[in-house]
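Taking it in order: structure first as structure tokens, then the write-up.
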Amino acid sequence: MIQTCRCLNCIIPPHLLRKLLESDNKEVRQAALNTLLGTARLRGQRSLRATFGIGLSAAPTDGRRSIFDCQNSNWLPGAVLVRTEQGEESADISVNRAFDGLGATREFYREVLDRNSIDDQGMRLDGYVHYGAGYNNAFWDGQQMVFGDGDGVMFTDFTSSLDVIGHELTHGVTEHVAGLEYHKQSGALNESMSDVFGSLVKQWSLGQTAEQADWLIGAEVFTPGIEADALRSMKAPGTAYDNETFGKDPQPDHMSKFVHLPDTEEGDYGGVHINSGIPNKAFYLTATAIGGYAWEAPALIWYEALKASGPTTEFQEFADKTYLMAGELYGTDSMEQQAVLAGWREVGIRISGLPVRPRRGRGRAIIASAGAGHEGDTLTALARQIEAVSSQVTALAKEVSTLKGKRMPTEPGLSSSRPGNSRSPRSANS
């Protein structure tokens, strides 16, 4: 089991919280400051626990859920247990949403990917609601899922978004499977994995196809007064919001727009929440090209690629792994593999080490430019090429035959010396 990540994974990126420090609303500024300071403190605690192995092991419980109420305190050990697997539904909607969200994520991993909870060993699922006063975030700290209520002006209760819950719990899955380091490209890939599977948890729960899904992350966390679609858009990175409060969504959708930021807490560890837009878009393109339910073939390809990854895996290596996994799972040159190839190519990442095959290069280009694996078009193009070559060969054969015919009248007295004719000129005249 891999455990190299020493990070606190939060759904709200620091650049959004820093924007709130500029707000004219004193309460909004204070809530943002408290959230940033509280997150930094928690990140330090998380690092210490991971370093010394404190609290990282617990008896397997087959993913048993327990929800605790922090009662607006920042002290998790003082939270009150309010709902368990054996308990009744709570009168507190936040408690119930957290309980149901943990359950939906657990069942998704169990039924779709045959995984037993976060660590695949039945790890218990603890959720904490009403964390802090006006806390503008939700996070996974390596042991439990914690939800703030939001400041009520910019952000609302973070239990309201199922894909946020799936996102945060997937950080735990990634930590146990690949341990992707939380900085630069490996960190952006870490964030992307959480967006991918967070969205898939929601799609699976709603029974949506790839075409029906909204591909938005955290559409419910903004208050109605904020003009924003969501925190991120996997379908169109860079378009989730554009308003006076938060500015324009900075996510790129292509490697040519990759954002270089300092590998510091203030720089979001190299822009992990920003550059995740690139692999997010690649997954969206792959899923819609394959069609149907994205939690089937696309999810399995990405999950198997994650299992084959390590702490320092970056975009190029992961793209190559998804291509190889698609070939192993569904066959070389299958529609699934061609969709993966086209999806990454459209975001500026070309699969490395592809074999050169006669007369297939043009077919591959046709597939990639279409954004999906249209094998029918490729076969048609190949058939036309073969037909053209055959016509040229036939014409050449006629020319050769004509030339031979013109050369047949040889010098007088000489006869043809075709195979099987043993008579010499002299014996013919005798």
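Quick notes
- Take the conditions (1) free of Cβ contacts under 8 Å to residues at least 60 places away in the same chain; (2) under 27 Å from Ala287 (Cβ atoms); (3) surrounded by fewer than 24 Cβ atoms within 10 Å (Cβ to Cβ); Lys202 misses just one of them, which is (3).
- Among the residues listed as Phe147, Phe139, the single one being touching a helix residue (DSSP H, G or I) at 6+ places or on another chain (Cβ under 6 Å) and in a strand (DSSP E or B): Phe147
- Scanning segment 150-181 for residues that are acidic (Asp, Glu) and either within 30 Å of Ser23 (Cα to Cα) or not in a loop (DSSP other than H, G, I, E, B) (or both) yields Asp151, Asp157, Asp163, Glu168, Glu175.
- Residue in segment 186-199 that is free of Cβ contacts under 8 Å to residues at least 24 places away in the same chain and within 18 Å of the chain's Cα centre (by Cα) present: no
- Top-ranked residue in segment 307-332 [being free of Cβ contacts under 8 Å to residues at least 40 places away in the same chain and not in a helix (DSSP H, G or I); ranked as nearest to the chain's Cα centre (by Cα)]: Ala308
- Number of the condition not met by Arg350 [criteria: (1) modelled with pLDDT of 95 or more; (2) surrounded by fewer than 23 Cβ atoms within 10 Å (Cβ to Cβ); (3) of a type in the set (Lys, Arg); (4) outside any loop (DSSP other than H, G, I, E, B)]: (4)
- Against the numbered list (1) surrounded by fewer than 24 Cβ atoms within 10 Å (Cβ to Cβ); (2) in contact (Cβ under 8 Å) with a residue 12 or more places away in the chain; (3) part of a loop (DSSP other than H, G, I, E, B), Ala294 comes up short only at (1).
- Selection of segment 230-248 for residues being of a type in the set (Gly, Ala, Ser), more than 22 Å from Ser160 (Cα to Cα) and more than 14 Å from the chain's Cα centre (by Cα) yields Gly238, Gly247.
- Single unsatisfied condition, Ile54 versus (1) modelled with pLDDT of 90 or more; (2) of a type outside the set (D, E, K, R); (3) surrounded by fewer than 16 Cβ atoms within 10 Å (Cβ to Cβ); (4) part of a loop (DSSP other than H, G, I, E, B): (1)
- Selection within segment 145-172: residues that are of a type in the set (A, V, I, L, M) and crowded, with 24+ Cβ neighbours inside 10 Å. The member of this set that is nearest to Ser117 (Cα to Cα) is Leu169.
The values are calculated or read from the model by the stated rules, or taken from the named source; none is laboratory data. Just so it is clear, the structure is predicted and the values come from calculations on it, not from any experiment. In this analysis, Cβ positions are derived from the backbone assuming ideal geometry, glycine residues included, and neighbour counts consider all displayed protein chains.
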